[in-house]
Amino acid sequence: VEIYSIHVDSRVTSRFAHTVVTSRIVNRANESREATFEVELPKTAFITNFSMSIDGKVYPGIIKEKAAAQEEYDTAVSQGQSAGLVKITDRKLEQFHVSVSIAAASKVTFELTYEELLKRQQGLYELLFKVQPKQLVKHFQIDVHIFEPQGFHFLETDSTFMTNELTEALTKVQNETKAHILFKPSLDQQKANSELNETLLNGDFIVRYDVHREATAGDIQIVNGYFVHYFAPPDMPVFPKNVVFVIDRSGSMAGKKIGQTRDALLKILQDLHPEDHFSFIAFNSKAVEWKSLLLPATEENVASAAAFVQTLSASGDTDINGALLAGVSMLDKAEGLPERSVSIIILLTDGQPTSGERNVEVIQENIQKAINGKYALFCLGFGFDVSYKFLEKMALSNGGIARRIYGDADAALQLQGFYREVAAPILMKIEMQYPENAVEELTQNSYALFFEGSEIIVSGKISLELDVLPVKIRAQSHTSDLTLEEEANVKEKGQVFRNQRYIFGDFIERLWAYLTIQQLLEKAISAHEEDQKALEAQALDLSLQYSFVTPLTSMVVTKPSDQQQAELANKPTEAG
């Protein structure tokens, strides 16, 4: 079975990426063979389309409500033969995998389409492609077209498998607002050496960039009655932080994990600013405080904390409830903190509560009541024995986020990377305001905190015939209360994308749908049961209307009648 063509075509318009992967395969044997199509795509993306065409006959993937698809699948297939086509393979990726049997000399074309809104992290956007053809491919090509009306601040490509020969197959053409990256290695360039037919193409191909920003109320794009508003103010002073680190040192952390945690904490201590205040609580069945109060990050205090971190060893049970309540109480009692400052709690744990209060729902309620909106809680789950769902709900209910730390060799770097994302809060209480009578179906437009290096994105529908769309942003910075105002000329904005030939016309509407679904699903995690159902019903309607494979929908992949009839592509989630 020979893959004679692979084409990855990715078009990014104002952060919204639309990627089509096409693979053409021929069976050169003189009997039936299995042809396989494997694509690794970002976890943050939604699949929107899939088809395979065998000798000209097309078998489409059909997106349905998950329960209905499952029912259909169960009747089509004898029980016990479950074939989920998508699984999580990596901390950033999930894999779509489908196989079909094709006759001698037959050809099959597979095509998968997925979309995602690129999220700015630590000052850049990243487009990630996993390249793994596992054989030499006569026509191999990656095409990336990017159009950013704000203009590029920088743009780079990176790869884990490049050689000098392969670099010659990479071209990058860019002007102020557009870029085209083409990677098209010949058969000879793909070969690991001229004798063997082994391919060099195995690893990540990455495009990273950022855009120019003015010190204004952000950037607004408008197409066909939908708008998107990007806001990431440059050069703002950073708020002092008051951080309590709540670190699990129970028995399950023994060995590598506690070592990696110590390494990460020692580096994080070096990243604290002198005006920050901090403390540590290490816990198993009881919580031990480094100091009973928060102290400024002076050289002396940082050195004393580093000595405390060095002594961390792992044993005993896990009382998450007691440790977190101790962390909240420490912030409640803190004195002499800077007037305008941001208070956060960072919890790191690798397991379930096994001591003290063990009922996760009661713990969630206790913590939410104690925090009462005053502080943000970030939960880091180390490895796969944690109840990620529990940590995620607790973080989202308290203005933070959850993140899984993978127990790989670079776990310390993952912990540090996460800390860097929240290390520089630059705005508080951000309200993005639009004329109420003219804008509807807005995505989230108020945020408690904004961290340097990230970006706020609000999208909505313009319901009236407007000439200008006025926007107002209110927020608190370290030094003052801000009010930023801007007007977007609706007609002019509409022209921006008119003459861009590679743009799919309704991209802002699809971006709006993508963002709305993501936010509804996130809200549902921390909502009460009846609200949860309503939020999920809304997200399901949009998923079906815009053809997205989300955690609420499934794609039914049909095959020729002589083979296992239907297979399901579901969207896996971090919480499983």
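The values are calculated or read from the model by the stated rules, or taken from the named source; none is laboratory data. Quantities reported herein were computed from a predicted structural model and do not represent experimental measurements. Backbone-built Cβ (ideal geometry, glycine too); neighbour counts: all protein chains shown. Each accessible area value is taken on the protein alone, full model and side chains, heavy atoms only, with ligands, DNA and RNA left out. Shrake-Rupley method; radii C 1.70, N 1.55, O 1.52, S 1.80 Å.
I'd like to know if segment 310-331 contains one or more residues that are touching a helix residue (DSSP H, G or I) at 6+ places or on another chain (Cβ under 6 Å), acidic (Asp, Glu) and either in the same structural domain as Asp271 (by the TED database) or outside any loop (DSSP other than H, G, I, E, B) (or both). No, segment 310-331 has no match at all.
Inside segment 177-206, residues that are open to solvent by 40 Å² or more (accessible area, probe 1.4 Å), aliphatic (A, V, I, L, M) and part of a loop (DSSP other than H, G, I, E, B) make up a count of 3. Only a single criterion out of (1) part of a helix (DSSP H, G or I); (2) surrounded by fewer than 19 Cβ atoms within 10 Å (Cβ to Cβ) is not satisfied by Ile508, namely (2).
Among the residues of segment 179-218, those that are modelled with pLDDT of 95 or more and closer than 30 Å to Asp467 by Cβ comprise Val211, His212. Once segment 332-350 is narrowed to residues that are in a loop (DSSP other than H, G, I, E, B) and either open to solvent by less than 10 Å² (accessible area, probe 1.4 Å) or among the acidic types (Asp, Glu) (or both), the residue that is farthest from Phe283 (Cα to Cα) is Glu339. Only one entry in Val422, Val458, Val439, Val468 is of a type in the set (A, V, I, L, M) and either without any contact (Cβ under 8 Å) to a residue 24 or more places away in the chain or closer than 16 Å to Thr349 by Cβ (or both), namely Val468. Scanning segment 559-573 for residues that are at pLDDT 85 or above and open to solvent by 40 Å² or more (accessible area, probe 1.4 Å) gives Asn570, Thr573. For beta carbons closer than 7 Å, sequence separation of 6+ or different chains, a first residue in segment 85-98 that is surrounded by fewer than 17 Cβ atoms within 10 Å (Cβ to Cβ) and a second that is of a type in the set (A, V, I, L, M, F, W, C), the qualifying pairs are Lys92/Leu128.
Considering only residues that are open to solvent by 40 Å² or more (accessible area, probe 1.4 Å), on the phi < 0 side of the Ramachandran plot and more than 20 Å from the chain's Cα centre (by Cα), which ones fall in segment 425-445? Spell out the reasoning first.
Step one: list which residues in segment 425-445 are open to solvent by 40 Å² or more (accessible area, probe 1.4 Å), which gives 429, 431, 433, 436-437, 440-442, 444-445.
Now narrow it down to the ones that are on the phi < 0 side of the Ramachandran plot: 431, 433, 436-437, 440, 442, 444-445.
Within segment 425-445, Glu431, Gln433, Glu436, Asn437, Glu440, Leu442 meet the criteria.
In a strand (DSSP E or B), touching a residue at least 40 places away in the same chain (Cβ under 8 Å), touching a Pro at 6+ places or on another chain (Cβ under 8 Å) and under 30 Å from Ala513 (Cα atoms), is that true of Leu155? No.
For segment 235-268, filtering for residues that are within 21 Å of Leu324 (Cα to Cα) and crowded, with 20+ Cβ neighbours inside 10 Å leaves 18.
Please enumerate the residues belonging to segment 167-176 that are touching a helix residue (DSSP H, G or I) at 6+ places or on another chain (Cβ under 9 Å) and surrounded by 14 or more Cβ atoms within 10 Å (Cβ to Cβ). Before the answer, list the steps.
Just the residues of segment 167-176 that are touching a helix residue (DSSP H, G or I) at 6+ places or on another chain (Cβ under 9 Å), to begin with: 168-169.
Listed by number, the list holds a single entry, Ala169.
Taken over segment 461-480, the criterion of being assigned to a strand (DSSP E or B), under 27 Å from Val223 (Cα atoms) and open to solvent by 40 Å² or more (accessible area, probe 1.4 Å) is satisfied by Lys461, Val468, Pro470, Lys472, Arg474. Note on segment 269-291: residues that are open to solvent by 50 Å² or more (accessible area, probe 1.4 Å) and under 27 Å from Val238 (Cβ atoms) total 6.
The set of residues from segment 210-238 being in a strand (DSSP E or B) and either in contact with a His (Cβ under 6 Å, 6 or more places away or on another chain) or among the hydroxyl-bearing types (Ser, Thr, Tyr) (or both) comprises Asp210, Val211, Ile220, Tyr226, Tyr230. Among the residues making up segment 384-403, those that are open to solvent by 10 Å² or more (accessible area, probe 1.4 Å) and farther than 20 Å from Val243 by Cα are Phe384, Asp385, Val386, Ser387, Tyr388, Lys389, Lys393.
Could you run through segment 23-60 and say how many residues are over 20 Å from Glu509 (Cβ atoms) and open to solvent by 20 Å² or more (accessible area, probe 1.4 Å)? Write out each step before concluding.
Within segment 23-60, the subset over 20 Å from Glu509 (Cβ atoms) is 23-43, 50-60.
Those left that are additionally open to solvent by 20 Å² or more (accessible area, probe 1.4 Å): 24, 28-34, 36, 38, 40, 43, 51, 53-60.
Of the residues in that region, 21 qualify.
Inclusion of Lys130 among residues that are open to solvent by 30 Å² or more (accessible area, probe 1.4 Å) and over 27 Å from Val458 (Cα atoms) is warranted.
Annotation for segment 436-447: no member residue is in contact with a helix residue (DSSP H, G or I) (Cβ under 9 Å, 6 or more places away or on another chain), part of a strand (DSSP E or B) and aliphatic (A, V, I, L, M).
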